[in-house]
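Notes follow the structure.
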Amino acid sequence: MLKALKYLIVGFVFGIVLTKSEAVSWYRIYEMFQFQSFHMYGIIGVAVVVGLIGVQIIKRTNAKDIKGEPIVIADKEPGSARYWIGGLIFGLGWALAGSCPGPIFILIGAGFWPLLLTLAGALIGTFLYGVIKDKLPH
Amino acid sequence: MEALYETWPWYVSGFLIAAVMLCLIWFGKTFGMSSNLRSLCSIAGAGKLVPFFDFDWKSQRWNLVVIAGAMLGGFVATHYLSSPTNVDLNPRTIEQLAQMGIDAPQGKLLPDAVFGAQAMTSPKMIAILVVGGILIGFGTRYAGGCTSGHAITGLSNLQLPSLKAVIGFFIGGLIMAHFLLPLIF
């Protein structure tokens, strides 16, 4: 139970930050793709730079995780087609529905029920990928 | 205290998102939200039909707890920390949206034209949300991650595949926002 609590707290902070930064807002995503505001780019940029510094510190100090095990951050599988094509398909959906997977859940939690439709679609899409994955270039 | 209710600045938000990612790494896990969609498919029994979903989703339960926390956070932030000054867009964006028949935010996170009660009686708006969702679910699983897994986690770890994916996200997003949305709305 206590083990689960730390995940709940981290998730809670994530939900608050994404809502209060308005990264969950359909409007902010539209504005971002129109290059009419720095806001979203600033959020992603700062997260990457701070993350990069943190990851470098973890790697260079051979930091241990909470259980005392060495931290291993897995490399992404090499490849190209899946990243370009999959990325492009996700991008189309991101701009159309105005949310990415985290915000879909966060907005449902906030009581925006129409997002249940987006979630249903996302589950169908994930399922479809599972069905045809072996036929796709990766 | 007032600042809590206003739109949080990008540098505070970006810093906290990185902190969330680093916390999960410190817990021996990883930051990636779209994986939960696969777990949910497995929980619904998709593993009986498709081998991709026949995996030990219980090992991913922690991530479902993260998303449950995020939903709770969304509830608290929307109900107790919002202000009518929120979602202060570029005036040019508002003008452009008006031309497409989409209402200005005035503090709302989502436009009524797409998510309002009236919109939910329109087959077109319902189709937009469902199709958008299908593209999101298919694309993220194909690419092996979304904004959290590739843009934040992957780029922070200098992963070339993540850079390809993120460039793909933006190519797709720009095509939709500039060429397709004006045709759809």
Exercise. Considering only protein heavy atoms, what per residue accessible area in square angstrom results for chain B with a 1.4 angstrom probe?
Worked result: 44
Exercise. How crowded by other chains is A:67-75, given as the mean number of beta carbons from other chains within 10 Å of each beta carbon?
Worked result: 3
Seminar exercise, completed: So the carbon and sulfur contribution to the accessible area of the range A:4-138, 1.4 Å probe, in percent, is 70
Problem set entry | Sequence of B:T30, B:T147 from largest to smallest accessible area, 1.4 Å probe | B:T30, B:T147
For this session: State, as an integer percentage, the relative contact order of the range B:1-86 based on alpha-carbon contacts under 8 Å between residues 6 or more apart.
Result: 36
Exercise. Mean 1/r over all different Cα pairs, inverted: what Kirkwood radius does chain A give, in Å?
Worked result: 17.8
For this session: Evaluate Rg over Rh across the range B:1-86, taking Cα atoms for both radii and Kirkwood's formula for Rh.
Result: 1.10
For this session: Pairs of Cα atoms under 8 Å, at least six residues apart: use those to get the relative contact order of chain B, whole percent.
Result: 22
Seminar exercise, completed: Distance in nm between A:L52 and B:D56 label points, each 7 Å along Cα→Cβ, equals 3.6
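Taking the convex hull of the alpha carbon atoms in the range A:12-77, what volume per residue do you get, in Å³?
That works out to 131 Å³ per residue.
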Exercise. Ignoring any ligand, DNA or RNA, what whole percent of the accessible area of the range B:1-86 comes from carbon and sulfur when the probe is 1.4 angstrom?
Worked result: 66
Exercise. What ratio of Cα Rg to 2.2 N^0.38 Å holds for the range B:86-143?
Worked result: 1.33
Exercise. Per residue, how many Å² of accessible area does the range A:37-107 show with a 1.4 Å probe?
Worked result: 44
Exercise. Projected onto the charge dipole of the range B:1-86 (+1 at Lys/Arg Cβ, -1 at Asp/Glu Cβ, origin at the Cα centre), which of B:N63, B:G74, B:P9 gives the Cα projection farthest towards the positive end?
Worked result: B:N63
For this session: Evaluate the relative contact order of the range A:1-128 (contact order divided by residue number), counting alpha-carbon pairs under 8 angstrom at least 6 apart; express in whole percent.
Result: 27
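Taking each pair of different alpha-carbon atoms in the range B:16-60 once, compute 1/r for the pair, average those values, and report the inverse of that mean as the Kirkwood hydrodynamic radius in Å to one decimal.
11.6
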Seminar exercise, completed: Within the under-12-Å Cβ sphere about B:R61, not counting B:R61, Lys/Arg +1 and Asp/Glu -1 give a net charge of +2
For this session: First measure r as the distance between the Cβ atoms of A:W113 and A:K59, then evaluate 1/(1 + (r/R0)^6) with R0 = 45 Å and state the FRET efficiency to the nearest 0.05.
Result: 0.55
For this session: Highest first, please rank the peptides B:150-159, A:84-93 by the mean number of other Cβ atoms sitting within 10 Å of their residues.
Result: A:84-93, B:150-159
Exercise. P(r) for the protein assembly as shown: what percent of alpha-carbon pairs falls in each 20 Å bin, starting at zero?
Worked result: 34, 60, 6
Exercise. Chain B: Rg/Rh from Cα coordinates, Kirkwood Rh?
Worked result: 0.98
For this session: Compute the FRET efficiency between A:A4 and B:M100 as 1/(1 + (r/R0)^6), taking r as their Cβ-Cβ distance and R0 = 45 Å, and round to the nearest 0.05.
Result: 0.55
Exercise. In a GNM of chain A with a 10 Å cut-off on Cα contacts, which of A:L52, A:L107, A:L119 has the highest mean-square fluctuation?
Worked result: A:L52
Exercise. For the range A:79-138, what value does the Rg/Rh ratio take when both radii are computed over Cα atoms and Rh is the Kirkwood radius, given to two decimals?
Worked result: 1.04
Problem set entry | Label-point separation, B:E6 to B:D88 (7 Å along Cα→Cβ), nm | 0.6
Exercise. Using the alpha-carbon centroid of each, what span in Å lies between the range B:127-185 and the range B:1-53?
Worked result: 16
Exercise. What is the mean number of Cβ atoms from other protein chains located within 10 Å of the Cβ atom of each residue in peptide B:78-86, rounded to a whole number?
Worked result: 3
Exercise. Once label points are set 7 Å from the Cα along Cα→Cβ at both B:I126 and A:Q36, what is their separation, rounded to one decimal in nm?
Worked result: 3.0
Exercise. Any idea of the total accessible area buried by the B-A contact, 1.4 Å probe, rounded to 100 Å²?
Worked result: 10200
For this session: Run the dipole for the range B:79-185 about the Cα centre, Lys and Arg Cβ at +1, Asp and Glu Cβ at -1, nothing else charged, and hand back the magnitude in debye, nearest 20.
Result: 320
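The values are calculated or read from the model by the stated rules, or taken from the named source; none is laboratory data. Everything numeric in this text was worked out from a predicted model, so none of it was measured. Ideal geometry is used to build each Cβ from the backbone, glycine not excepted, and the neighbour counts take in all protein chains shown. The area values use the complete protein model at the heavy-atom level, side chains included, leaving out ligands, DNA and RNA. Shrake-Rupley method; radii C 1.70, N 1.55, O 1.52, S 1.80 Å.
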